[in-house]
Every structure is written in C-alpha cells, then in structure tokens.
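Q: Below is one structure. I have some questions about it.
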C-alpha cells in the first residue's frame, strides 16, 4: 500500500488515541450500582410531599413513629448483623423515627413499627463473552523526497497498521448480592392482619461473592431517597471511596 508520509502518521496516531481511550475508560471513579425496587403504603403525605428524608417523615406524622428491629435466629449472635443493624438504626433515625431498644423484656412491644432485615448472595453464574484481540494487520509505505545533487531520491518508510486479528473467549463468574428490608405495623401484625407498610429490595451484580462488604451499600441505596417511589424499579449509583494502598 502506498500512501503519503503525513497520512500514515495520522493513521498511526488515530490508533494510539483509540487505545488510550480504552485505557482511560478503566480509570473512572469506582461506583457501587444497585437495582432498587420498593413498594410501600406509608402515609400519602409522606409519599407525595416534595420534602425528603426526615422532613418528609415528620410532615406525614403528627408524632414520630417508634420502631424496633427483629433478629432472626441466625442473626442473634452475628457480629456482622450487629454492625448492619447499627447502620440501619442510623438510617431510620435520620428519617425522624425513634428507635426502641429491647434492652428489657417487653421493650419491643412498645414500638409502633417492626423492622426486619435480611440479605444473601447466590453461588454465582458463569458468563462467557468474546473480546477482540488487536495486532498488526499489515504495513503502509510512505516515501520521503530527498533532494541530492543527482536528483530526487524516494526513501521508503514503513508504518504498521493495527486492527482486530482475532478474538478470545473469557469466562467470568457474576454474583448477585441482595438485601431485603421490611417494615410492619406491629399492633396490626399481632392481630393477625395484613400489616406490611414497606418492602424494599436492593440487588447488586458483581465479580465478587463477598456479601458483607456489599450490605452497607445495598442498605444505603434504599435510603436514596426513603421511602422512594412505590412500584418502581430504579438504578442507584453510589461513588465508592478510593481503595486504600
């Protein structure tokens, strides 16, 4: 292939810019991405008011609602759950709710709402995908004009051309990490009637099967905002702090 020297250099520069774009794409700020779905029948004022967070809760209720958290048997002696419970209490109290600790027998019976928290990770699903392999697909020839006493001499220069030379199959295991948050009217539940006020579900797809590191972020995604639109699936993106060296 014959081409001018300038056009060959421009083509090589374009290839370098493409490669640089792929490198920079991997240097973006790490983000935790969660898919959130919520259904609730909290007071209409709370769901529709333009205020958010604690202002919305307080605008919806004449008196702040009290809550307690129910622990499943597997959670009662879990230090991890104790940490997640503390974070959940902080989120709910920031909404204007009042936590009643069950430090004494019967304390939890004074709460208006009963809150349940659960989470899990699956065994992972192997996904295969093709990735292009880049390489040299040929060479371009450019000529430089060199003037000598005997005339003009054409000096050839060779420039590699890059492109896709094949593909490679990669296998990747993707894990689904999930969290459920349910809120019940405690007195109605005790009477055996339908008592659920709120059900939130947050999921995250990741190459990591580590559940405990994901739970705080899954929990936070349900409060951006709270209670959030009912009956809507939405994506929540939370910037992650830089990794520690």
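The values are calculated or read from the model by the stated rules, or taken from the named source; none is laboratory data. Computed from a prediction, not measured in an experiment: that's the story for all the values here. Quick reminder, even Gly has a Cβ in these numbers, built from the backbone with ideal geometry, and neighbours come from all protein chains shown.
Q: Every residue in segment 188-215 that is under 26 Å from residue 238 (Cα atoms) and in contact with a helix residue (DSSP H, G or I) (Cβ under 8 Å, 6 or more places away or on another chain), please.
A: 202, 203, 204, 212, 215
Q: Got a sec? Which of 140, 128 is closer than 28 Å to residue 205 by Cβ and either more than 28 Å from the chain's Cα centre (by Cα) or touching a residue at least 40 places away in the same chain (Cβ under 8 Å) (or both)?
A: The match here is 128.
Q: Taking interchain pairs and intrachain pairs at least six residues apart, which have beta carbon atoms under 7 angstrom, with the first residue in segment 144-160 and surrounded by 10 or more Cβ atoms within 10 Å (Cβ to Cβ) and the second in a loop (DSSP other than H, G, I, E, B) and modelled with pLDDT under 80?
A: Close Cβ pairs (under 7 Å, with a partner that is in a loop (DSSP other than H, G, I, E, B) and modelled with pLDDT under 80) do not exist here.
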